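Peer 1: Here you go, one structure.
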Amino acid sequence: MRRQITNLRSQHSDNLLVTSRLNRFLVKIAFLSEPKDAAHARHLQSEFARMLRTVDEMVSRGRSTKPRPK
């Protein structure tokens with residue numbers, strides 16, 4: 001999961017809103033090793049899916065905070 005998030009962050013490195021969101025999610029999961037049980041695994045997968053949907057929505061709106069060249 002961490003590799004997927006890091007890869008996604010690299011793909012959208014020009015979008016500060018997306019990278020910020022992904023960085024916050026990485027901090028949330030930084031100290032996790034393995035899910036405690038099946039319910040915890042489902043919860044983590046659900047949070048991951050929700051974060052991916054949020055990033056997709058942000059990207060589809062085309063909102064980028066990349067500075068415009070002068």
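The values are calculated or read from the model by the stated rules, or taken from the named source; none is laboratory data. Everything numeric in this text was worked out from a predicted model, so none of it was measured. Every residue, glycine as well, gets a Cβ built from its backbone with ideal geometry; the counts of neighbours run over all protein chains shown. With ligands, DNA and RNA removed, areas are computed over all heavy atoms of the protein, side chains included. Shrake-Rupley method; radii C 1.70, N 1.55, O 1.52, S 1.80 Å.
Peer 1: Is it fair to say S20 is in a helix (DSSP H, G or I), surrounded by 11 or more Cβ atoms within 10 Å (Cβ to Cβ) and of a type in the set (G, A, S)?
Peer 2: Values: in a helix (DSSP H, G or I): yes; surrounded by 11 or more Cβ atoms within 10 Å (Cβ to Cβ): yes; of a type in the set (G, A, S): yes.
Yes.
Peer 1: Let me ask something else. Please determine, by comparing only the residues of the stretch 23-45 that are outside any helix (DSSP H, G or I) and open to solvent by less than 70 Å² (accessible area, probe 1.4 Å), which one is farthest from G62 (Cα to Cα).
Peer 2: Residues of the stretch 23-45 that are outside any helix (DSSP H, G or I), as a first pass: 30-37.
Of the ones still in play, those that are also open to solvent by less than 70 Å² (accessible area, probe 1.4 Å) are 30, 32, 35.
Values: A30: 28, L32: 32, P35: 34 Å.
Step by step, filter the stretch 23-45, then rank; the result is P35.
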